[in-house]
Structure formats: structure tokens, C-alpha cells
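Visitor: Please see the structure below; I have some questions.
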Amino acid sequence: MGKSLLYTTLSFPTFINLASSPDKGLDEKINETFMPFAVWWENLVLAEIPFFGHGIPIVLIILILGALFFTLYFGFVNIRHFPTAIQVVRGKYDELEKSAPKLKPHVYEIDGDLVDTIKDEGLTGEVNHFQALATAVSGTVGLGNIAMVAVAISIGGPGATFWMILAGLLGMSSKFVECTLGVKHRDIDKNGNVFGGPMYYLSRGLKQRGFSRLGKFLATLFAILCVGASFGGGNAFQSNQAAAQIIERFGLTGEATGSIIGLVFAILAGIVIIGGIKRIAKVTEKVVPFMAILYVGAALFIIFSKIEWVDDALALIVSEAFTPTATISGGFVGVMIQGFRRAAFSNEAGAGSAAIAHSAVNTSFPASEGLVGLLEPFIDTVLVCTMTAIVIILFNMDGAFVYGNVVDGQALMGDGSRLGGVNITSLAFENSINGSSWILMVAVCLFAFSTILSWSYYGLQAWKYLFGRGKVIDLTYKIIFLLFTVLGSAITLDAVIKFSDAMILALVFPNMIGLLILFPAVNKEFKIYLSLIGKR
């Protein structure tokens with residue numbers, strides 16, 4: 001289905017009543033009800049403009065050009081200050097931050113003094129650098145690295161990997177800008193609870209620049225879209241692919257199997273998310289390293305066991321990025337779009353979501369957390385996504401599936417069947433390590449669970465911005481959020497990708513406009529921090 005600007009996508013879809021089609025199972029009814037909205041929303045957000053005979057989504061142009069600008073303006077901060085970012089996470093400059101004044105001018109609203117729940121005087125936040133990074137990474141390193149990489153390669157061929165890597169490298173600069181702004185313009189209440197993210201830096205930062213009305217509009221728009229993104233990419237997609245793995249591994253059948261698995265996930269997630277960011281940080285700082293070691297270890301084992309084929313895989317990644325030989329829809333442009341689109345979904349650089357988690361860090365220097373934030377796209381896309389891609393490409397050296405032949409999110413396999421997303425990655429692992437698909441299933445469930453936890457926090461912060469702060473308001477959001485956990489497990493991969501992709505990418509519009517206006521303030525904070533730590 002085309003998505004040009006002239007395409008009439010603004011007509012809201014007509015939904016099918018769940019009570020109709022009594023001969024169909026619950027999962028199928030839910031999917032038929034949800035699909036029209038998913039298609040409408042995807043076409044609206046991913047509106048295209050012509051480019052050499054093909055259409056490129058406007059949102060991707062904004063995302064990539066913005067990231068390129070930040071990379072050049074900040075003197076390749078993503079490369080030059082990568083070692084500095086590592087040192088900040090390791091705590092090398094913690095003493096400097098502890099000796100800083102108790103309250104910095106960038107903390108705007110304090111309803112009374114900070115209470116003793118904040119451990120270190122001089123620090124204004126709830127979690128340390130590593131915990132903030134772990135929480136944010138758990139929101140980006142997830143099934144996008146496993147399932148979406150398989151989607152990108154099955155549609156765009158090996159060359160899509162090249163563009164994913166490039167988007168990841170450029171995205172490091174965007175993440176640096178938004179995480180710095182997230183700390184600079186955060187809000188802290190009388191209990192020491194931190195509220196931050198694009199909602200706050202868009203409204204406050206733009207007000208300082210004389211764009212008060214624009215700031216309020218963009219902040220409200222972002223908050224609305226962020227709530228939707230938490231329901232979609234941060235929740236429904238995660239439960240969908242976790243359910244797909246469980247169903248495939250255990251050979252489960254039944255017309256409501258997905259819904260039941262989703263209900264179990266919802267119950268488990270519900271137990272944790274009532275604890276707030278401190279509880280999430282404690283869970284994710286343990287889960288993220290474990291699942292990363294589990295998944296990355298298996299991927300590296302496969303790569304090294306087939307080391308003689310890795311150079312061929314890398315050659316395919318580079319050559320087919322520009323001259324795809326497979327029947328790829330859109331040719332070179334189609335491959336590039338797939339790479340950029342999946343990278344954007346995976347690392348969320350430019351979407352602003354991670355700035356919400358980073359805003360809760362214990363620091364008096366916004367730029368310090370901006371440096372920590374730039375590590376995310378590197379970990380997420382440059383490392384994890386690339387390893388997944390190489391494993392899948394190695395698996396397909398003998399023609400396990402057909403590049404470019406994808407219907408409803410499902411690739412054509414060599415035996416004539418169709419599989420998509422996480423199940424292709426699972427086959428790739430199982431093909432090299434007998435029984436590893438079971439390990440992958442565990443990793444998938446952990447990835448999904450940790451991402452759901454992190455995005456519940458992102459969405460709740462946006463919800464609070466819109467409706468205020470209170471227990472009833474919080475509970476309302478959490479109930480709706482958990483309903484989407486069930487929904488995601490019931491609908492098809494095609495429907496959840498359409499909805500989730502568009503929800504994540506929609507965040508780029510309000511966020512990137514703000515970043516392109518507010519970046520001079522980031523430069524000022526960056527220079528202050530570099531001078532304090534003796535860097536240039």
C-alpha cells in the first residue's frame with residue numbers, strides 16, 4: 001500500500017466489532033479489529049516524498065539529516081568522546097559531581113527541599129549513571145535487535161545492515177543532545193522524585209528561546225505520542241514476539257493462545273511497574289547484563305564457529321547496500337529505508353524516549369548524562385544489531401529464505417512455508433547451535449520483559465505530564481498499558497509492526513524540531529563539563 005502525501009490516509013478506519021464473526025477465535029477477532037487502525041496510522045506517520053522514482057518517509061529524512069547535523073556541529077562527539085563516555089559510566093568523575101553545588105540553576109521547580117531519599121548531597125536525581133544507562137538500554141536493546149533485524153534483512157537483504165550501522169553511529173549524536181536536555185530541564189518534586197524528558201525540555205527550553213506557545217504544543221504532542229509509543233513499540237511488539245517464540249517452541253495451539261500468554265506477561269509486568277523507576281532500575285541493572293551476556297555470547301559463538309564465512313557476510317553487507325542483487329522492493333533506496341527505519345525503531349535516537357530515563361540520574365551536570373546516552377545506539381545498533389544480522393546472513397548462505405519475498409511480515413522459506421521476525425532469528429541460532437533456540441526463547445522473554453518495564457516508565461511520565469500526578473491517574477495508565485500487553489500477544493506481526501513502527505517514529509516530529517532549536521544550550525553545557533574534567 002503506497003504512502004505518498006497524496007494518499008488519502010486521513011480517513012479514520014472503520015473497525016470490525018469483536019462480537020462479529022463468531023466462528024473465529026479470540027486472537028483473530030482482536031487482530032481484525034485492530035488492523036484497520038494500524039494501517040491508517042502507519043500511512044499517516046510514514047507519508048512519503050518522491051526520491052529518484054521511489055518514496056522516502058519524511059520522518060526518516062528529518063531523523064537522519066538531524067543526526068548528521070548534530071554529528072558535524074559537535075565535532076563528531078560520537079567518536080571523539082566515546083572514551084570519555086565510558087569513563088563517566090565507570091564513575092571516574094563522580095567525586096567532581098559530589099562536590100558540585102547542591103542545586104544547579106537547571107533544576108526549575110522544587111516544591112520544598114530535597115529529602116534524604118537522595119543519597120549524595122549535591123546530586124539531584126534518583127539513580128546513578130549506570131542504572132540510568134541500564135534502564136534506557138533495556139528500553140532500546142530489546143526485540144528490535146532480534147526480530148526487527150530479521151524483518152529488515154528479509155525485506156531489504158544484507159545491505160540493510162550497512163544502513164542500520166550508519167544510522168546507529170549518527171544516532172549517537174542525537175542521543176547526546178536529547179539526554180543532555182533531559183537533565184537540564186527536568187523537574188523535581190518535594191519528595192525528590194524526578195520528572196523529565198522531551199515534554200519538559202520542549203516546553204521550558206523553547207519558552208526560554210521565546211517560543212512559549214510552540215513549546216507547549218510540541219510538548220503536549222510529544223506526550224500524547226509517547227503514551228501511544230509505550231503501548232505499541234514498547235509493549236505490544238515486545239509481547240507479540242515473546243508470545244510468538246513461546247508458541248513456536250512449545251508447539252502451542254488454540255484460538256486464544258496469544259491472549260493467554262499476553263495475560264501472563266501482563267500480570268508479571270504489573271507486579272513490577274507499581275514500584276516506579278527505582279524498582280525498575282534495580283530490576284533492569286540485573287536483567288540487562290544477564291540477557292546481554294546470554295544473547296551476545298550465543299551470537300559470538302556462532303560467528304566464530306563460522307569465521308571462514310564472516311568475510312563473505314561482511315562483503316554482502318557492503319556490496320548489497322548500494323547494488324542489491326536480490327529482488328528487493330525499491331532497489332537501493334528500498335534497502336536504505338529498511339536499514340534506517342529498523343535502526344530508528346531499535347535505538348530510538350531522535351525519538352527522545354531515552355531522555356526520560358536519563359533525566360532521573362544523580363548528577364549536577366547535564367552534559368555528563370548526554371555522554372552516557374550516546375553509548376546506547378552504539379551498544380544497541382552497532383554491536384547487537386550487527387551481530388544478529390551476521391548470524392542471519394550466515395544462516396541464509398544456503399538459501400534458507402528468499403530476500404525480498406515478504407508477505408504480511410512473513411518471509412518465504414526454502415521449504416515453501418513462511419516465517420517472520422523472531423522466528424527467523426531462532427532458526428538461524430538453532431541451525432548453528434543445536435538447542436540454542438531454547439536459549440533464544442529465554443533471551444527473547446527477558447528482552448521483552450525489560451523493555452516493557454522501561455517503556456511503562458516512559459509512558460507514565462508522559463501520562464503524568466498530560467493529566468497530573470496522583471495515584472488514581474497512575475493506576476489508570478498502568479491498567480491501559482497492561483491491556484496492550486495482552487493485545488500485542490493476540491494480533492499478528494504485520495499489524496503490530498505497522499502500529500509500533502509508526503508510534504515510535506511519530507515521536508521524531510516534535511522532538512527533532514525542539515532539538516534543532518535548543519542545541520546551542522547543549523553546546524554550552526558540554527563546554528562547561530569538558531572544562532571541569534580537563535577535556536577538550
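Visitor: List pairs: first residue in segment 145-170 and under 23 Å from S426 (Cβ atoms) and touching a residue at least 24 places away in the same chain (Cβ under 8 Å), second residue β-branched (V, I, T) and outside any helix (DSSP H, G or I) anywhere in the structure, Cβ distance under 6 angstrom, at least six positions apart or on different chains.
Guide: Sorted first by the residue in segment 145-170, then by its partner, the pairs are S154/V406; I155/V406; G156/I328; G157/I328.
Visitor: Tally time: how many residues in segment 412-441 are in contact with a Lys or Arg (Cβ under 7 Å, 6 or more places away or on another chain), without any contact (Cβ under 8 Å) to a residue 24 or more places away in the chain and either within 13 Å of G156 (Cα to Cα) or assigned to a helix (DSSP H, G or I) (or both)?
Guide: 0
Visitor: Go through segment 221-240 and report how many residues are over 17 Å from F447 (Cα atoms) and either touching a Pro at 6+ places or on another chain (Cβ under 9 Å) or among the polar types (S, T, N, Q) (or both).
Guide: Looking only at that region, the number is 5.
Visitor: If you go through segment 426-440 one residue at a time, do you hit one that is surrounded by fewer than 22 Cβ atoms within 10 Å (Cβ to Cβ), of a type in the set (V, I, T) and under 23 Å from L314 (Cβ atoms)?
Guide: yes
Visitor: Scan segment 49-84 for residues that are over 22 Å from the mean Cα position of the chain (by Cα) and not hydroxyl-bearing (S, T, Y) and report the count.
Guide: Qualifying residue count, segment 49-84: 14.
Visitor: Follow-up. Any chance segment 362-370 includes a residue that's touching a strand residue (DSSP E or B) at 6+ places or on another chain (Cβ under 7 Å), buried (at least 24 other Cβ atoms within 10 Å of the Cβ), part of a helix (DSSP H, G or I) and not hydrophobic (A, V, I, L, M, F, W, C)?
Guide: Initial filter on segment 362-370 (touching a strand residue (DSSP E or B) at 6+ places or on another chain (Cβ under 7 Å)): 362, 369.
Filter once more, so that each one left must be buried (at least 24 other Cβ atoms within 10 Å of the Cβ): 369.
Imposing the further condition that a residue be part of a helix (DSSP H, G or I) reduces the set to 369.
Narrowing the set further to residues that are not hydrophobic (A, V, I, L, M, F, W, C) leaves 369.
Yes, there is a match, as at least one residue in segment 362-370 is touching a strand residue (DSSP E or B) at 6+ places or on another chain (Cβ under 7 Å), buried (at least 24 other Cβ atoms within 10 Å of the Cβ), part of a helix (DSSP H, G or I) and not hydrophobic (A, V, I, L, M, F, W, C).
Visitor: Something else now. Specify the residue that is surrounded by the most Cβ atoms within 10 Å (Cβ to Cβ); the eligible residues are those in segment 190-218 that are farther than 14 Å from Y458 by Cα and in contact with a Phe, Trp or Tyr (Cβ under 7 Å, 6 or more places away or on another chain).
Guide: L202
Visitor: How many residues does segment 371-411 contain that are within 17 Å of the chain's Cα centre (by Cα) and assigned to a helix (DSSP H, G or I)?
Guide: 15
Visitor: Continuing with the same structure: Would you confirm whether any residue within segment 465-485 is open to solvent by less than 10 Å² (accessible area, probe 1.4 Å) and within 16 Å of the chain's Cα centre (by Cα)?
Guide: For segment 465-485, residues open to solvent by less than 10 Å² (accessible area, probe 1.4 Å) and within 16 Å of the chain's Cα centre (by Cα): absent.
Visitor: Also, I was wondering about something else. Test of understanding: among F345, F322, F332, which residue is under 28 Å from W455 (Cβ atoms), at pLDDT below 90 and aromatic (F, W, Y)?
Guide: After ruling out the rest, the residue left standing is F345.
Visitor: Residues in segment 503-516: is at least one open to solvent by 10 Å² or more (accessible area, probe 1.4 Å), part of a helix (DSSP H, G or I) and within 30 Å of I247 (Cα to Cα)?
Guide: yes
Visitor: Just for segment 248-268: of the residues that are open to solvent by less than 50 Å² (accessible area, probe 1.4 Å) and part of a helix (DSSP H, G or I), which one is modelled with the lowest pLDDT?
Guide: Here the residue is G258.
Visitor: When I155 is evaluated against the numbered criteria (1) modelled with pLDDT under 90; (2) of a type outside the set (K, R); (3) surrounded by fewer than 23 Cβ atoms within 10 Å (Cβ to Cβ), which criterion, by number, is the only one it fails?
Guide: Among (1) modelled with pLDDT under 90; (2) of a type outside the set (K, R); (3) surrounded by fewer than 23 Cβ atoms within 10 Å (Cβ to Cβ), the lone unmet condition for I155 is (3).
Visitor: Based on what the data block shows, is W455 assigned to a helix (DSSP H, G or I), surrounded by fewer than 24 Cβ atoms within 10 Å (Cβ to Cβ) and either out of contact with any strand residue (DSSP E or B) (no Cβ under 8 Å at 6 or more places or on another chain) or among the hydrophobic types (A, V, I, L, M, F, W, C) (or both)?
Guide: no
Visitor: Report every pair of residues separated by at least 6 positions or lying on different chains whose Cβ atoms are under 9 Å apart, first residue within segment 228-251 and more than 13 Å from G488 (Cα to Cα) and of a type in the set (K, R), second open to solvent by 10 Å² or more (accessible area, probe 1.4 Å) and in a helix (DSSP H, G or I).
Guide: Qualifying pairs under 9 Å: R249/W438; R249/M441.
Okay, residues lined up against (1) touching a residue at least 12 places away in the same chain (Cβ under 8 Å); (2) basic (K, R); (3) farther than 13 Å from V227 by Cβ:
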residue	(1), (2), (3)
Y458	yes, no, no
A462	yes, no, no
K478	yes, yes, no
F484	yes, no, no
G488	yes, no, yes
I491	yes, no, yes
L507	yes, no, no
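Visitor: Inspect segment 399-420 for any residue being open to solvent by 10 Å² or more (accessible area, probe 1.4 Å), of a type in the set (S, T, N, Q) and more than 20 Å from V149 (Cβ to Cβ) and give the result as yes or no.
Guide: Yes; the residues of segment 399-420 include at least one that is open to solvent by 10 Å² or more (accessible area, probe 1.4 Å), of a type in the set (S, T, N, Q) and more than 20 Å from V149 (Cβ to Cβ).
Visitor: Go through (1) among the small types (G, A, S); (2) in contact with a Leu (Cβ under 6 Å, 6 or more places away or on another chain); (3) more than 20 Å from A299 (Cβ to Cβ) and name the single condition G404 misses.
Guide: G404 satisfies every listed condition except (2).
Visitor: Filter segment 221-246 down to the residues that are hydroxyl-bearing (S, T, Y) and farther than 19 Å from W41 by Cα and list them by number.
Guide: Listed by number, the list holds a single entry, S239.
Visitor: Now for a different question. Could you list, in sequence order, all residues of segment 520-536 that are assigned to a helix (DSSP H, G or I), touching a helix residue (DSSP H, G or I) at 6+ places or on another chain (Cβ under 8 Å) and surrounded by fewer than 19 Cβ atoms within 10 Å (Cβ to Cβ)?
Guide: N523, I528, L530, L532, I533
Visitor: Related question: In segment 79-96, which residues are open to solvent by less than 40 Å² (accessible area, probe 1.4 Å), touching a residue at least 60 places away in the same chain (Cβ under 8 Å) and not polar (S, T, N, Q)?
Guide: H81, A85, V88, V89, Y93, listed by residue number.
The values are calculated or read from the model by the stated rules, or taken from the named source; none is laboratory data. The model shown is predicted, which means the values in this text are computed figures rather than measured ones. So basically every Cβ, Gly included, is an ideal-geometry build from the backbone, and we count neighbours across all protein chains shown. All accessible areas refer to the heavy atoms of the entire protein, side chains included, with ligands and DNA or RNA removed. Shrake-Rupley method; radii C 1.70, N 1.55, O 1.52, S 1.80 Å.
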